[in-house]
Amino acid sequence: MAIGHNTAYLTWTDRSSRIVGQYSPTTDTNQWLQMIEDIKLTIAGRHRAWGLVIHAELPDPDEDDSRIITGLRMQEIARSIGATHIAAQLSRYLCESGVTIEAVPDVVTGGKWQYVSDVLESLHKEGSAARRALYEFVGS
């Protein structure tokens, strides 16, 4: 709660000051929490609770941080995209979603989800710029 209060996301009334032998949030946490009332979200807290997304700039693509996206996660993403689109739409969808045209084969071979999975895996195996495109694709 202190983090929410210090960042101006929460407000509350602390009744512990009315009691002799005041309770401390660091030493008597449970007793102190029982003295808290009127917990409310501030406007900033409401926006935070609504799930607004803040995008931070990614590091330089020439500096590879070697983050990985697990094979299972890429397979789940590929299956979801394959189930949503027909084969003729896949290359266009991937390109419009930020995957470079060089990484997307023209012809869908095999199953739809396998095609998408192959594209994602090839991005992951390439250099840091391709991995950055993969991270942006998965993040969006």
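Between V107 and H124, what is the label-point separation in nm under the 7 Å Cα-to-beta-carbon projection?
The answer from the label model is 2.6 nm.
Could you sort the peptides 78-91, 117-130, 26-39 by per-residue average Cβ neighbour count (10 Å cutoff), highest mean leading?
Output ranking for 78-91, 117-130, 26-39: 117-130, 78-91, 26-39.
What residues qualify as long-range amide H neighbours of L10, i.e. H under 5 Å apart, gap of 5 or more or another chain, H built at 1.01 Å from N?
Answer set, sorted by chain and number: H5, T42.
By how many nm would the segment from A87 to L72 lengthen if fully extended, with 0.36 nm per residue of separation less the alpha-carbon distance? Could the numbers behind the result be given before it?
Values: separation 15, 0.36 × 15 = 5.40 nm, distance 2.18 nm.
Gain in length upon complete extension: 3.2 nm.
Just subtract the alpha-carbon distance of N30 and S80 from 0.36 nm times their residue separation and send over the number in nm, one decimal.
13.5 nm
Bear in mind that the values in this text are calculations on the coordinates, not laboratory data. Since the structure is predicted, the reported quantities are computational estimates derived from the model, not experimental observations. Heads up, the Cβs are rebuilt from the backbone with ideal geometry, glycines too, and the neighbour counts pull from every protein chain shown.
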